[in-house]
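The values are calculated or read from the model by the stated rules, or taken from the named source; none is laboratory data. Note that the structure is predicted; figures quoted are calculated from it, not measured. Methodologically, a virtual Cβ is constructed for each residue, glycine included, from the backbone with ideal geometry; neighbour enumeration extends over all protein chains shown.
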Amino acid sequence: MWSDASNTADVATFASAAVPRLARPIQISNELLQASDATIDGCVAHADPLVFRGLLYQLTGEEELAGMPVERRPYGYNHVDLLTREADVQLIRAKAARLLKQLRDSSKTEIDIGPLNRLPRSLELSAGKDIPMSEMEMWIEETGLYPVARGLKWKNEPTRERKESFFVVVIGGGMSGVNAAVHLKAAGIPFVVIEKNSGVGGVWFENRYPGIRVDTPSRGYLHLFGLEFPQAYSFCPGDENVRYLNWILDKHDLRSHFVFDTEVSDLAWDEETHTWNIQASGPDGARSWRANAVFSCVGFLSRPQKPEIAGLESFRGVACHTAEWPDDLDLTGKRVAVIGSGASGYQTVPIIAKLAAHTYLFQRNASWCYPTEAYADRLPDQVLWIERNAPFYVEVDAESYWRFNERTRPGRAHDGLFRSARDELLPQRARPFERQRPDRYPPHVALAARSGGAAAPNARRRPEAVFWRRSHCRLASMTGADGADPLPL
């Protein structure tokens, strides 16, 4: 706990080292300046009280906030830390609303983060738990107050002329490629990003199957330099991630550094000149670059490894991989088989089931899957208003990602969750539950799948799981491992 040392020089030195250069003060938004009392009160009521507790403490230093008790409650397969007393929740909301109204009515145009030596304790109050010294640097880094904290750190910074004589080629315009571009520009190093597609996004640009979205909380999926992106979902769909990356390009003025519709075909190292020779092809034919360094930011989820299934060549229906989903594919009224129960399978099956006459899910082994409330829902407008207009709320709220996403230890008893899934999620006419229970490992030895529910609530028919070791396509059907009658598709 950092409270006893919150005013010491040691803490200030520690925080200063973790955040070498604090972000500039945040501008008070025009939206806040024009907000009514009712708007502020209504939006604050949708905000996370723990996040506001840490933020208010950072901005005001009120010790009353630090003494509020917190309790841990079960939350799905995990837990969530919440303020114990409702009176404390209401007090925090009143203080938060009062602060926002004061900012609205003052003559200030900007506000800074407050005393740096207070930050460790503020983050603890936001997280609802003590943070060990060994982790504190990471927590401060995660606020994004120093947006390029994970960028290039020079041992001996070269001259501007030396930097400008060094050229980097980045291959790939997905999450990693955009990240490299931001940090290279911040470091003052010339570069180009070569992307084979017509836009940024990588796997999110190419994968367009129904239901595609992140299966980790969106706020933890952003770069440190992009935390203020208006994230509209707790778990963003694929097109939102593409929108985010385009927003980064515009925010950092990076578009002139990107070359699209161009695919690298060859890299050759020239020992004599100590440079790379990069060959590529684009709309205007062959292109080449010479570079001092090459960053490979190519992904591995856009070119699928397709299963070899005997008889697939004679299958009369439409067959495709989720990574190559046809834009014009209409599954309305069809009988559909989905092979694989990883993240893509669990995301797309509930969507397909709303359209298809019948949906089969073929899987070699059962997977642990848990429902997530509001998994596919858009965040309330009031939450988005708070993120846009409450100064530093997003920076502190970035830490709540860890509060909801800490992994339970492998082998910990999950009987309560197991019984809940059995009793609430599986239909009476389903196959025996023990057959659908994963038998190779306990929960969270491997990453569990996330779903908005066990089956789509508006499905024409509940999806049916079919277990198989190997399969055979018979013209217009498939058979499972148990040798049952072919399933008509």
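Can you tell me which residue among Ile140, Ile131 is buried (at least 19 other Cβ atoms within 10 Å of the Cβ), on the phi < 0 side of the Ramachandran plot, at pLDDT below 95 and outside any helix (DSSP H, G or I)?
Working: Ile140 fails: outside any helix (DSSP H, G or I).
Criteria check complete, one pass: Ile131.
Among the residues of the stretch 106-117, is there at least one that is assigned to a helix (DSSP H, G or I), at pLDDT 90 or above and surrounded by fewer than 19 Cβ atoms within 10 Å (Cβ to Cβ)? No, the stretch 106-117 has no match at all. Of the residues screened, Leu145 is not one that is assigned by TED's automatic domain parsing to the domain that holds Val396, more than 30 Å from Val259 (Cβ to Cβ), of a type outside the set (D, E, K, R) and not in a loop (DSSP other than H, G, I, E, B).
Quick check: is even one residue across the stretch 208-222 at pLDDT below 95 and more than 26 Å from Val349 (Cα to Cα)? Within the stretch 208-222 (the criterion being at pLDDT below 95 and more than 26 Å from Val349 (Cα to Cα)), the answer is yes, since at least one residue qualifies.
Quick one: is Val89 touching a Leu at 6+ places or on another chain (Cβ under 9 Å), on the phi < 0 side of the Ramachandran plot, at pLDDT 95 or above and surrounded by 14 or more Cβ atoms within 10 Å (Cβ to Cβ)?
So Val89 passes the test.
Can you report the number of residues in the stretch 272-302 which are within 31 Å of the chain's Cα centre (by Cα) and either among the aromatic types (Phe, Trp, Tyr) or surrounded by fewer than 12 Cβ atoms within 10 Å (Cβ to Cβ) (or both)? Before you say what the answer is, go through the steps one by one.
Start the filter on the stretch 272-302 by keeping residues that are within 31 Å of the chain's Cα centre (by Cα), which leaves 293-302.
Keeping just the survivors that are either among the aromatic types (Phe, Trp, Tyr) or surrounded by fewer than 12 Cβ atoms within 10 Å (Cβ to Cβ) (or both) gives 295, 300.
Of the residues in the stretch 272-302, 2 are within 31 Å of the chain's Cα centre (by Cα) and either among the aromatic types (Phe, Trp, Tyr) or surrounded by fewer than 12 Cβ atoms within 10 Å (Cβ to Cβ) (or both).
The strands (runs of 3 or more DSSP E) falling completely within the stretch 196-309 that include 3 or more residues that are touching a residue at least 60 places away in the same chain (Cβ under 8 Å) map to 275-282, 285-291, 293-296.
Step by step: first the residues of the stretch 310-328, then only those that are in a helix (DSSP H, G or I) and surrounded by fewer than 13 Cβ atoms within 10 Å (Cβ to Cβ), then the one that is modelled with the lowest pLDDT. Which residue is that? Step through it out loud before you land on a result.
If we filter the stretch 310-328 for residues that are in a helix (DSSP H, G or I), which is where we start, we get 312-314, 322-324.
Next, from what is left, pick out any that are surrounded by fewer than 13 Cβ atoms within 10 Å (Cβ to Cβ): 313-314.
Details: Glu313: 83, Ser314: 86.
Among those that are in a helix (DSSP H, G or I) and surrounded by fewer than 13 Cβ atoms within 10 Å (Cβ to Cβ), it is Glu313.
Screening the stretch 111-150 for residues that are polar (S, T, N, Q) and touching a helix residue (DSSP H, G or I) at 6+ places or on another chain (Cβ under 7 Å) and picking the one that is nearest to Arg24 (Cα to Cα) gives Thr143. Cβ-Cβ distances below 9 Å connect the following pairs, each with a first residue in the stretch 70-98 that is in the same structural domain as Glu387 (by TED's automatic domain parsing) and small (Gly, Ala, Ser), a second residue that is surrounded by 14 or more Cβ atoms within 10 Å (Cβ to Cβ) and modelled with pLDDT under 85, and a separation of six or more residues or different chains: Gly76/Tyr370; Gly76/Pro371; Gly76/Thr372; Gly76/Leu417.
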